1. Of the numbered conditions (1) out of contact with any strand residue (DSSP E or B) (no Cβ under 7 Å at 6 or more places or on another chain); (2) modelled with pLDDT of 90 or more, A:Leu65 satisfies every one except a single condition; which is it?
2. So which residues in region B:684-701 are of a type in the set (D, E, K, R) and buried (at least 16 other Cβ atoms within 10 Å of the Cβ)?
3. Determine which member of the set B:Leu692, B:Leu738, B:Leu671, B:Leu703 is in the same structural domain as B:Leu838 (by TED's automatic domain parsing), touching a helix residue (DSSP H, G or I) at 6+ places or on another chain (Cβ under 8 Å), modelled with pLDDT of 85 or more and not in a strand (DSSP E or B).
4. Does B:Leu711 qualify as being within 11 Å of chain A (Cβ to nearest Cβ), buried (at least 20 other Cβ atoms within 10 Å of the Cβ) and within 26 Å of B:Gly835 (Cβ to Cβ)?
5. Hey, could you check region A:212-233 for residues that are facing chain B (nearest Cβ under 8 Å) and without any contact (Cβ under 8 Å) to a residue 12 or more places away in the chain and say which is surrounded by the fewest Cβ atoms within 10 Å (Cβ to Cβ)?
6. Identify all residues within region B:741-758 that are within 12 Å of chain A (Cβ to nearest Cβ), surrounded by 11 or more Cβ atoms within 10 Å (Cβ to Cβ), modelled with pLDDT of 90 or more and in a loop (DSSP other than H, G, I, E, B); write none if there are none.
7. Restricting attention to region B:759-775, and to residues there that are touching a strand residue (DSSP E or B) at 6+ places or on another chain (Cβ under 6 Å) and in a helix (DSSP H, G or I), which single residue is farthest from the other protein chains (Cβ to nearest Cβ)?
Amino acid sequence: MSDTTAYKPVALVIDDEVQIRRLLRITLEANGYRVLEAANGQGGLTQAATCRPDVVLLDLGLPDLDGVTVLKRLREWSHVPVIVLSVRDRDEDKTAALDSGADDYVTKPFSTAELLARLRVAQRHAQPVADTVVFRTGDMEVDLSSRRVTVKGQEVRLTATEYSLLRLLVRHAGKVLTHQHLLREVWGPDYVGQTHYLRVYMARLREKLEAAPSQPEVLITEPGVGYRLVVKD
Amino acid sequence: MTEPNRPDPDTLLAAIQKEQTQRSRGKLKVFLGMAAGVGKTYAMLEAARQQRTDRRDVVIGYVETHGRKETDALTVGLESTPRRPIVYRGVTLAEMDLDAVLARHPQLAVVDELAHTNAPGSRHPKRYQDVLELLEAGIDVYTTLNVQHLESRADTVQEITGATIHETVPDSVLEGAEIELVDLSPEDLLKRFDEGKVYVAERAEVARRHFFQPGHLTALREIALRLAAERVGQDVREYMQTRQIAGPWKTGHRLQVAVSPSPFSEQMIRWTRRLADSLGCSWIAAYVETSIALSEEEQTRLTRHLSLAKELGAEVRTTADDDVIRGLLHIARTQNVTQIVVGKPAGSSWLSFLRGGLRLARLVRASGHIDVHVGRPEQAQEQKRPPLWHGPAESEWPQYLTAAGVVAAVTLVNLLLSPYVHSRTIGLIFLMAVVALAIRLGRGPVYVAATLSALLWNFLFLPPLYTFYISSLENAVMFAMYFVVALAMGHLISQIRARERMDRRREERATAMYLLTLKLADASTWEEIDRTAVSNVERVFKAEASLLRPEVSGQLRTTLSEKDLSIAQWAFQHAQPTGRFTDTLPMADAMYLPLRTDGNVLGVLRVKWKQSSPPTLDQQTLLEGFLRHIALVLDRQRLRDTETQARLLAESERFTNALLSSISHELRTPLAAIASAVSALSGQPPDVQQALIDEVRQASNRLNRLVDNLLDMTRLESGHTKPHLDWCDINDLVHITLKRLEKDLAGHPVSVSVPPNLPLVRMDLVLMEQAMTNLLLNAAAHTPPQTPVQVMATAQEGELAITVADRGPGLSAEALPHVFEKFYRAPGSPAGGTGLGLPIVKGFVEAQGGRVQVANRAGGGAAFTMTLPLGDPPTV
C-alpha cells in the first residue's frame, strides 16, 4: 500500500492516560508509525478531522465523551480503521464497541506484538474487500466471484447458508464480527439472539475447512463477542 | 462501715441521673404561698421581669391577674402567647395554648396556677401536666401554687379548714423543683383581704368562711414554711450525697403501705408518702389479692388507690394470697422493706374491730425485723364509710327473687309431703334447697333463703303449727342447728365459688399470658410479631388493637388518621399511656400504650376498648403483662437485627482483612520483581537483559491474573455476575481455554477427551472459560512438572460434566471440604496463590445453575468436576 519508503502511516492515539500515550508513541514510532495524541474525545475528533490518520487507537474511558460516542461520531464521516484499547473486558462493552464500528478490540494490558499485528490487519481491511476476488489463508482458498472454496486444492461443497457465512467472514477477514452482525447479515434481523445457529454452522464450517476441527486455526471464537477469520500469510 | 464516706452507689447514680435530666429538662420554679392573695403571681412576674433584664427569652404562657392593678402592670412589656378558646357546654373557656408555647419554645415560660384543672377537651386534664410537658421540652417554667393544693398536704388542710379541695397536684411534680416561699403574715394578708385586693366580693364570703381566719392562716403558713424547709433539707441531702459529705441521715429506709379497697386506704397512702418524704426514702404500695370477690365499687376504689400511690411516687406491687398478712410480708421481704405502714383497725362494729386487732397483732408478731407503723385514719372520713349492710346491687335483685321463688316452691312440695314424712325430713329438704341455691347464687340471696326457709319450717311444720313458737327442746335445738348449718353452708359454698371464680380468672390470665408467650416465641419476623401481638390483645381484651412501630426516623409507621397519629406519637415520645381512660387526652377514642423496656420505647400499642368503663384491675394487670412481654419480644427482635448486621459487618471485615493480608503480599511480590528487574536492565549484556525482561513479563502476567481474580471476586460478591446463557459448543470452550493457557501449561502434558456429537450446552462462555482457566492453573500450580493434566467432558443423566484432573499429590482430608472457601489455602500450597481461584470457579459455575465438586482420584491426584444442566438445545 505504501508507494514510497518515506511514507509513514499516521496513528492517532486517543487516551487520557499520559503513560499509555507515551508508551504507545515509543512502540509505534519504533515500528514505523507517526504518532498523534489526543487526551480527550473532543480533541481526538478534531485531530481525526484535521490530520486524517491512517489508524485510530481509542480508549473507551475518556474524561469528556464516552469512547463509544466518539466512535459513532467518527463513523458518521470516516472509515478510518479504529482499534479500541480498553480496560473494560466485559462482552457487552466489546460488543457495543464493535457494533458501533470499531474494527478490533484489544483489552489492556496488551502485548505490543499482538497490538501491532491487529494494527496491520485493521489497516489492511481499510482497503475495499470486494477487490480481492480470490482470498487465501493457510490451506484455504475462497474464490468470491465463482463461489468456489478449496482446501489443499480439494473443492469443498458448502450449503448456501454455510457459504454466505464464510463469505461474510472472508470479506471482513481478520476483523471480529459480533454474533448479532453475523446473524443479521446471514439469517436476517429476526434471528438476532439465536446464537445456536451460529454455533452449529460454525462447527459445520470447521468440520469442512479446518485441519483439526476441535482445534480451529482459521475460524476463531471470540468468547462472548463473536467470530474472526484469521488471515495467515 | 469500713468506708464510712463511700456514698451508696445507687443513690449516687440516681443523683447523677437527676442532675443530667435536669440539665436537658427545663427547670421548674414554684412560687409557693399559704393561701390566695399572698402575692405569688406578683412575685413570679417580678422574677420573670428580672430574668428578661438578664436577657433571657421569657414568654407568658398563662397569667391570671384577677384584675389586680399592680400585677397587671407587671405583665406589660412581657410577651405572652394568646390563649386557646375551648367551647365546653356552650361556655367558652380560655386555656393556655400548650402547643403555641411549645412552638414558640422560649427559655422561660410563665404559667400561673399549677393546680388548675383544664377545660375538657384539652390535651391534659390538669395544668401541671401541661407544665411537665413544657419541662420535658427543655423549657424552664415559673409557676405558682397554694400549699393546700399539694396532694400530700391536701388532707391536712382539709382537716384544718373544713373546705373540700378538688384540685391537687402530685408531690412528684415538685420533685427537683426550686421552691420560693412567698410569705406574708396572716395579719397583713387579712388586711389585704379586707381591702378587697384578694377576691371579688361574691367569692370573698366563701373564702372568708374557709380560709381567711387568723387561726387557719397561721396553720396554713406553718404548713407552707415546713414544706419549704423540707425541700431545702432534701436538696442539701442530695448535695451532700453527691459530694461524699458524711451526714446524719439514715439511708436504706424503704416503706411499704398496705393498699385495700377500704376508703381509709387513701389516707394511709398519703400519710406514707409524707413519711417517706421526710425520711427521704423510697416506698412501695402493696396490694394482696384474696379470693374474696370485690364489688364493682370496691374495684374502682382499689384501682384509684393504686394509681394514686403510683402518682405519688410509689412502686406498686401486688401478690395473690388468701392470707393478707402473709402476702404483705412476702412483698415486704422480697422488696427489702424496712417499715410497713398499716391503718389502725377501725370500724363501728366490735366484730370488725376485733378482727382488725387480731390481724394487726399477727402482723406485728410475724414481721420480724420489719418495723410496723400503725396510722390513724381520720375520723372525718368515718362518715363516708359505707353502712354495714347496703342494699343489693341492681344486678342482684333477680337472684333474691329466685331464692324466694325456690323457697316458696319447696314449701309447697313440703306441704304436700308433710302428711307422710316427719318434720325433720321437711327440714332436711329445706336444707337441700338452700345448698342447691348456694351453688347457683351469691351470698346475700343464700342468707335470705336460709332465714326464710328456717322461719317457714318453724311456722308451718314444727309444732305448735302456725306459730313461731317452738314447744319441745329437741325441736328448738334442731331449729337452731338448722339455722346455723344453713348459714354456714351458704357461706362456705359461696366462698368456694368465689375462690373458684378467682382461680378461674387467674387461670384465664395465666393462660392468656402463656398463649401470648408461646405464639410470640414462634414469631420470627416483625410482621409475625405484629400480627400475633395484635390478635392476642384483640382476643383477650375484646378490643380493637394495632401495633405501631417507629421508622428509622423515629416517626411511627401507621395508617391512622393524623389526629390519632399525633396522639400515638405523643405516647411514643413521652413513654406514657395516652388517650382514653388515661390522664392525657382522655377524649380520644382509643388508648395508646407505650411498649417499653429499660429506657427504650419500642412502639405503641393502640387499644380501642369496646367497653365504656375503664379497664378493671384484672385487665390492667394482664394488659401490663402483655405490654411488658410484647416490648421484650420487640426488643429481642431488634437485638436480633442488630446482631445480624453486626455479623455481616464482621464477616465483611474479616473478608477485608484477609483480602488485605493476602493481596498486599500478592501485589507486592510481582511489583517487586518488575521494579528490581527494570532497575537492573540498563548496561547489562543482551542475554541478561533478555532474562530480566522475561522476569518482568512473568511478573506482570501474575499481577494481571491477580487483578482479574480480584475483579471477578468483587463482581461475584456484589452480585454483579449475571451470566449471559447461550447455547455453546464444548469444543469451543476447551479449545479457547487451552490455547490461552498454552504457555502456563507448557510443563504439563495435557490430554483432552471430548466425545463427538456432544449437544450444545447453555452456558456463559466467558465465565466458563474463566472457571476452566482457574481449574487448569490450579492443577498446574499444585502438581509437580511433567505430571499429566486431563480435561474430560461427558454427558450423562441430563447433565454435562467437565472434569479437570491431575496426577499431583491430591488433597488432604482436612483441606477437601474447604478448597472452595475464600482465601483458603491448603496446607503446604506453593507460594503465589490468593485462595480466590477456586471460589471464583464455584461462584461462576453456580451462577449458571451448575455446581462444582472435588475428589481425590484413584491412583493419586485431584479431580475437579463442573456440572451444568444439559437442557434441550433448539433444533437448527
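The values are calculated or read from the model by the stated rules, or taken from the named source; none is laboratory data. These numbers were taken from a predicted model, which means no experiment stands behind them. All Cβ positions, glycine included, derive from the backbone under ideal geometry; neighbour counts span all protein chains shown.
1. Looking at each condition in turn, A:Leu65 falls short on (2).
2. Applying the first criterion (of a type in the set (D, E, K, R)) to region B:684-701 yields B:687, B:694-695, B:697.
Passing the criteria: only B:Glu695.
3. Working: B:Leu692 fails: in the same structural domain as B:Leu838 (by TED's automatic domain parsing); B:Leu671 fails: in the same structural domain as B:Leu838 (by TED's automatic domain parsing); B:Leu703 fails: in the same structural domain as B:Leu838 (by TED's automatic domain parsing).
Criteria check complete, one pass: B:Leu738.
4. Values: within 11 Å of chain A (Cβ to nearest Cβ): yes; buried (at least 20 other Cβ atoms within 10 Å of the Cβ): no; within 26 Å of B:Gly835 (Cβ to Cβ): yes.
Judged against the criteria, B:Leu711 is not a match.
5. Start the filter on region A:212-233 by keeping residues that are facing chain B (nearest Cβ under 8 Å), which leaves A:213-216, A:221, A:223-224.
In the following step, the residues that additionally are without any contact (Cβ under 8 Å) to a residue 12 or more places away in the chain were identified as A:213-216.
Values: A:Pro213: 17, A:Ser214: 17, A:Gln215: 14, A:Pro216: 23.
Only one residue tops the list, namely A:Gln215.
6. Within region B:741-758, just B:Val754 meets the criteria.
7. Going through the qualifying residues, I end up with B:Leu775.
Yes or no, residue by residue, for (1) modelled with pLDDT under 75; (2) more than 47 Å from the chain's Cα centre (by Cα):
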residue	(1), (2)
B:Pro170	no, no
B:Val173	no, no
B:Glu187	no, yes
B:Gly196	yes, yes
B:Ala201	yes, yes
B:Glu205	yes, yes
B:His210	yes, no
B:Glu230	yes, no
B:Gln234	yes, no
